[in-house]
Amino acid sequence: MQLIARNITHHYGGTAVLEDISFAIGAGEIVCVVGPSGCGKSTFLRIAGGLERPDSGEVMVAGAAPEGSLNPLTYIFQDFALLPWRSVAGNVSLVLEDHGIRGAEARAIVADVLARTNLSDFARALPRQLSGGMKQRVAIARALAVKPAIMLMDEPLSALDSQTRELLMDDLVALWQRERFSACYVTHNLNEAVRLGSRIIVLSRRPGRIREVVEIDMPIDQRAERLTELERLQRRVWEIMREEAREADREIADVP
Amino acid sequence: MSHEATTRPGETAAAAGSGEELRPVPFRGGGFKHRPLGPVAPIVFLAILALWELGARSGFISPIALPAPSEALAALGDLIATGMLWKHLGASLYRLIVGWTLGSLLGIAFGLLIGLFSLARAGLLPLVSALFPIPKIALLPLFIIWFGIGEGSKVATILFGTFFPTVIATYGGVDNVDRNLIRMGQSFGLSWLSIVRKIIVPGAMPAILSGFRISASIAIVLLVAAEMIGAEFGIGAYILMAGALFALDQLIAGVAILSVLGLIIAWLIGKAEKRLLAWRS
């Protein structure tokens, strides 16, 4: 399944946050969206998944969702968005209940996704008992449970410390190799972008426009070994962003 | 940033201490922290009772001003011995439970409406704000006309008294539910009803339960007020009768019963909080 954004423009009150954003995410492709803070990355992601309506432009999907996909466009949130009153297994089954999947069938799916994210031992734990990294793994397990076609990831690793971030990045790479999901991965962390993205879309400061698109040919599974090359790439992306980030930093926020 | 030049702690101390005297860094972090002191509460309570009893026995406290605790205890014993305690307590508990339960259920329902629907908020919230500060005791004569002099008016007083704080606690709780959790529910295609049932109501539960603490106390206050008129039995009626007869020992006994009732209710709500909010740290 493909996700195609066409000329997305959006305002909050009088401030333009996104201007004429167009790109497509192909099947099995991770597209990273980077940009200085406040450039509308997260707004774009909300629009992409239908949680917000753009002022103009449209988001389309092409192709059929994979067999059995319950929720083709599935989010991973920065703050995990786990229900604190439900156990790990309960948080996963939450998204199955509305599709009429209960009982043994639900238990089988929950056990399967928890096993795939190495969480089987934590099925009965409450979110407050888990570390940030484990919480995000639960959120990933929850997303896998609905068999998404495209994952919309909103700074999924930004709330984690750098060591946990490394671990989860390895997990995501391993997961991608097995499942070949497509993803729109929004981040302000360029290291994550060059490690995971098959393409990096660099946005300008507010109002966000596409500054540049950087293609990365290196296979994702080799990147952990070829860090020096990535380092060069990351610096290139940073050179593109630097001025924008500096200007964005000096702006006075007036967006609610 | 090289870690090769490590020194052992002892060496550093020796190096720094060359020639100069070593002083410990003074501790400045104490205070402003509560320790649990279990037996203090009963000791204070018993000490006050003992002082009171001593004052009354020695004649320092006149029996007309305040009867001794032992006399109040005797009045309580009388109440138990004659079996009147259960009659009074039964009547009061009935009014309290019916009034508070109905008031809380209606309050939660209206609180959810105000929390969920813009129309309900625009229409009902000003009404709630206007009616909440009215002392419900002042409306008692109206309630008697509307609901009769019997149980109806008494239950209605408690019902109205507990309704408004519950409405305010509930819609405040709904407003405070993490918007991101709701967005998560929407992003996974949960139905509106599922989001309300599984995300909003549990998320508002802490606020609703602390609203219960307030409304339960208000219910006890209003119970006595409601039993002022035309009640044969009830703790409030007992206290008022004792007051009218200047039987101060009975009055103190009645007040003590109310206080114990309040403590038991607070304890029950604490238990409910522990059960329903076990997910909080």
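A few comments on the model shown:
- Residue among B:183, B:213, B:179 that is among the basic types (Lys, Arg), open to solvent by 30 Å² or more (accessible area, probe 1.4 Å) and under 21 Å from residue B:103 (Cα atoms): B:213
- Residue among B:210, B:194, B:217, B:187 that alone is polar (S, T, N, Q), farther than 30 Å from residue A:81 by Cβ and out of contact with any His (no Cβ under 6 Å at 6 or more places or on another chain): B:217
- Residue satisfying condition, being open to solvent by 10 Å² or more (accessible area, probe 1.4 Å) and either more than 14 Å from every other protein chain (Cβ to nearest Cβ) or basic (Lys, Arg) (or both), within set B:172, B:161, B:189: B:172
- Under the condition of being within 11 Å of chain A (Cβ to nearest Cβ) and open to solvent by less than 10 Å² (accessible area, probe 1.4 Å), the residues counted in segment B:195-208 number 1.
- Checking every residue in segment B:114-125 against the condition of being away from chain A (no Cβ under 14 Å), modelled with pLDDT of 95 or more and outside any helix (DSSP H, G or I) gives at least one match.
- Scanning segment B:162-215 for residues that are closer than 17 Å to residue B:113 by Cα and part of a loop (DSSP other than H, G, I, E, B) yields B:176, B:177.
Here is a yes/no grid of residues against (1) under 12 Å from the mean Cα position of the chain (by Cα); (2) β-branched (Val, Ile, Thr); (3) over 19 Å from residue A:225 (Cβ atoms):
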residue: A:149; (1), (2), (3): no, no, yes
residue: A:156; (1), (2), (3): yes, no, yes
residue: A:160; (1), (2), (3): no, no, yes
residue: A:170; (1), (2), (3): no, no, no
residue: A:175; (1), (2), (3): no, no, no
residue: A:180; (1), (2), (3): no, no, yes
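- Residues that are away from chain B (no Cβ under 14 Å) and in contact (Cβ under 8 Å) with a residue 24 or more places away in the chain within segment A:119-130 comprise A:119, A:122, A:123, listed in sequence order.
- Hits in segment A:90-118 (condition: away from chain B (no Cβ under 14 Å), within 23 Å of the chain's Cα centre (by Cα) and small (Gly, Ala, Ser)): A:115
- Filtered residue count, segment A:189-203, keeping only those that are in contact with a helix residue (DSSP H, G or I) (Cβ under 8 Å, 6 or more places away or on another chain), open to solvent by less than 10 Å² (accessible area, probe 1.4 Å) and of a type outside the set (A, V, I, L, M, F, W, C): 1
- Members of segment A:5-16 found to be modelled with pLDDT of 90 or more and open to solvent by less than 40 Å² (accessible area, probe 1.4 Å), listed by number: A:5, A:8, A:9, A:10
- Selected residue (criterion: nearest to residue B:259 (Cα to Cα)) from residues of segment B:43-64 that are outside any loop (DSSP other than H, G, I, E, B) and open to solvent by less than 70 Å² (accessible area, probe 1.4 Å): B:49
- Unmet criterion (only one of (1) open to solvent by 10 Å² or more (accessible area, probe 1.4 Å); (2) aliphatic (A, V, I, L, M); (3) under 13 Å from the mean Cα position of the chain (by Cα)) for residue A:48: (1)
- Search result, residues across segment A:150-159 that are surrounded by 21 or more Cβ atoms within 10 Å (Cβ to Cβ) and either under 19 Å from residue A:179 (Cα atoms) or away from every other protein chain (no Cβ under 12 Å) (or both): A:150, A:151, A:152, A:153, A:156, A:157
- Pairs, first open to solvent by 70 Å² or more (accessible area, probe 1.4 Å) in segment A:162-187, second part of a loop (DSSP other than H, G, I, E, B) and of a type in the set (A, V, I, L, M), C-beta under 9 Å, six or more apart: A:167/A:160; A:170/A:224; A:180/A:27
- Matching entry among B:129, B:118, B:70, B:92 (being surrounded by fewer than 19 Cβ atoms within 10 Å (Cβ to Cβ) and over 24 Å from residue B:204 (Cβ atoms)): B:70
- So residue B:235, is it within 22 Å of residue B:95 (Cβ to Cβ) and open to solvent by less than 30 Å² (accessible area, probe 1.4 Å): yes
- Filtered residues of segment A:21-35 (kept if crowded, with 24+ Cβ neighbours inside 10 Å and either basic (Lys, Arg) or more than 13 Å from the chain's Cα centre (by Cα) (or both)): A:21, A:35
The values are calculated or read from the model by the stated rules, or taken from the named source; none is laboratory data. From a predicted model like this one, the values you see are computed outputs, not experimental measurements. Glycine gets a Cβ as well: all are built from the backbone with ideal geometry, and neighbour counts include every protein chain shown. Note: accessible area is taken over every heavy atom of the protein model, side chains too, but ligands, DNA and RNA are not part of it. Shrake-Rupley method; radii C 1.70, N 1.55, O 1.52, S 1.80 Å.
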